[in-house]
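Quick notes on the structure that follows.
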Amino acid sequence: MAQLSILEFPDPRLRTRAVPVAQVNARIQQLIDDMFETMYAAPGIGLAASQVDVHERVIVMDITDDHSNPRVFINPEITIIDDALGTYDEGCLSVPGFYETVERPSIIEVAALDRDGRPFTERLDGLMGICLQHEIDHLEGKLFVDYLSPLKRQRIRSKLVKEQKRRS
């Protein structure tokens, strides 16, 4: 396994729409292993392949503190089950150090493939549902900062660009 580099806002590669995975094979399973290692080391609870500059529809998640429930979603498609919106303070490994309140549907259903390419459907709510929606946004080239006002988004962009220049 290997830790991958996580792209940071405002990197334009984060705006690339991911393509469906044509075949779940050893390459995709290695990507999944590397994504879990990267996500746990960051540390985070979700990671989309787009964030590591692989523009295929792969998401890994684990919302547990002890890393006991690793989840894989390949080619995920969601259906909103309840239009009621929940608000959550979201953060993002591609927007490090910032947390902002975002509204998203409370209950969703996802159809996806698992790590072995087997299809499954599951109803998700709470943090799991919010996290999956956040990660699917990445696959669509969207970031949680897109839900914020232009002023807030520009402030975050400016701070991150300044920090990235400082590290270079």
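Just one of the listed residues (SER94, SER68) is of a type in the set (S, T, N, Q), open to solvent by less than 70 Å² (accessible area, probe 1.4 Å), at pLDDT 95 or above and closer than 18 Å to PRO43 by Cα, and it is SER94. The listed residues are VAL102, VAL110, and the only one of them that is surrounded by 14 or more Cβ atoms within 10 Å (Cβ to Cβ), in contact with an Asp or Glu (Cβ under 7 Å, 6 or more places away or on another chain) and farther than 20 Å from VAL60 by Cα turns out to be VAL102. Collect the residues in region 26-60 that are free of Cβ contacts under 8 Å to residues at least 12 places away in the same chain and in a loop (DSSP other than H, G, I, E, B), keeping them in residue-number order. Listed by number, the list holds a single entry, PRO43. I'm told GLU8 meets every condition in (1) of a type in the set (D, E, K, R); (2) within 14 Å of the chain's Cα centre (by Cα); (3) in a strand (DSSP E or B) except one. Can you identify the failing condition by its number? It is condition (3) that GLU8 fails. Return yes or no: is TYR88 open to solvent by 20 Å² or more (accessible area, probe 1.4 Å), among the aromatic types (Phe, Trp, Tyr) and modelled with pLDDT under 95? Judged against the criteria, TYR88 is a match. Residues that are open to solvent by 50 Å² or more (accessible area, probe 1.4 Å) and of a type in the set (Gly, Ala, Ser) were ranked within region 132-167; the one that is nearest to PHE9 (Cα to Cα) is SER158. Within region 43-65, if we keep just the residues that are of a type in the set (A, V, I, L, M) and open to solvent by 50 Å² or more (accessible area, probe 1.4 Å), the residue that is nearest to ILE6 (Cα to Cα) turns out to be ILE45. Scanning region 1-24 for residues that are open to solvent by less than 50 Å² (accessible area, probe 1.4 Å), out of contact with any helix residue (DSSP H, G or I) (no Cβ under 7 Å at 6 or more places or on another chain) and either over 27 Å from GLN154 (Cβ atoms) or of a type in the set (Gly, Ala, Ser) (or both) gives a single hit, VAL24.
The values are calculated or read from the model by the stated rules, or taken from the named source; none is laboratory data. Source: prediction; values computed, not measured. Cβ atoms come from the backbone with ideal geometry, glycine included; neighbour counts cover every protein chain shown. Side chains included, ligands, DNA and RNA excluded: accessible areas come from the protein's heavy atoms. Shrake-Rupley method; radii C 1.70, N 1.55, O 1.52, S 1.80 Å.
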